[in-house]
1. Please report how many Lys pairs in the chain have alpha carbons closer than 26 angstrom, counting only residues at least 8 apart along the chain or sitting on separate chains.
2. Which residue, K65, K89, K48, has the most motion in a Gaussian network model of the chain that connects Cα atoms within less than 10 Å?
3. Once neighbouring chains are kept in place and the probe is 1.4 Å, which whole percent of the accessible area of the chain is contributed by carbon and sulfur?
4. With each run of n ≥ 4 DSSP H residues scored as -39500 (n - 2.57), what mean residue ellipticity at 222 nm is computed for the chain after dividing by its residue count and rounding to the nearest 500 deg cm²/dmol?
5. Based on alpha-carbon positions alone, could you give the equivalent ellipsoid semi-axes of region 1-80 from the gyration tensor, as √(5λ), descending, whole Å?
6. Residue farthest toward the positive end of the dipole of the chain, with Cβ of Lys/Arg at +1 and Asp/Glu at -1: which of T49, S20, A84?
7. Using mean Cβ contacts within 10 Å as the protection proxy, how do 75-81, 34-40 order, highest first?
8. Per residue, how large is the accessible surface of the chain? Use a 1.4 angstrom probe and give square angstrom.
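The values are calculated or read from the model by the stated rules, or taken from the named source; none is laboratory data. Computed from a prediction, not measured in an experiment: that's the story for all the values here. So basically every Cβ, Gly included, is an ideal-geometry build from the backbone, and we count neighbours across all protein chains shown. Quick note on the areas: whole protein, heavy atoms, side chains included, nothing else; ligands and nucleic acids left out. Shrake-Rupley method; radii C 1.70, N 1.55, O 1.52, S 1.80 Å.
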Amino acid sequence: MDRTRITPSDWERALPAFESLTQATVNTAYAVLVEGRRAADVARERKKTRQAVSGAVARVLEILKVFDLQELEPVSVWLPPDLAAEVRKMAEPYMPKITH
């Protein structure tokens, strides 16, 4: 199991990147990566296998690797359609495909 730790503030900044994940996956990874709990303990508490917990952590770490938290910042604003299209086009190079 990866012993990576993530600060609560970095986790909050990364939350928009987790939108494709289930809430259960996000919560499970949070317990391990932010709270520093052992995967075996989280698995037992949530009645999951250790492999399921490790898989949740791996999915989150894959996303975090792609979205370098030190270099990118999420932005959510309301814009007229033409400006929104411009912003989406500007963001394309930073939105890699993530497989789950």
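1. 4
2. Ranking K65, K89, K48 by mean-square fluctuation puts K89 first.
3. Ligands and nucleic acids excluded, carbon and sulfur give 55 percent.
4. -16500 deg cm²/dmol
5. After diagonalising the Cα gyration tensor, the semi-axes are 25, 13, 10 Å.
6. T49
7. So the order, starting with the most tightly packed, is 34-40, 75-81.
8. Accessible surface, normalised per residue, equals 72 Å².
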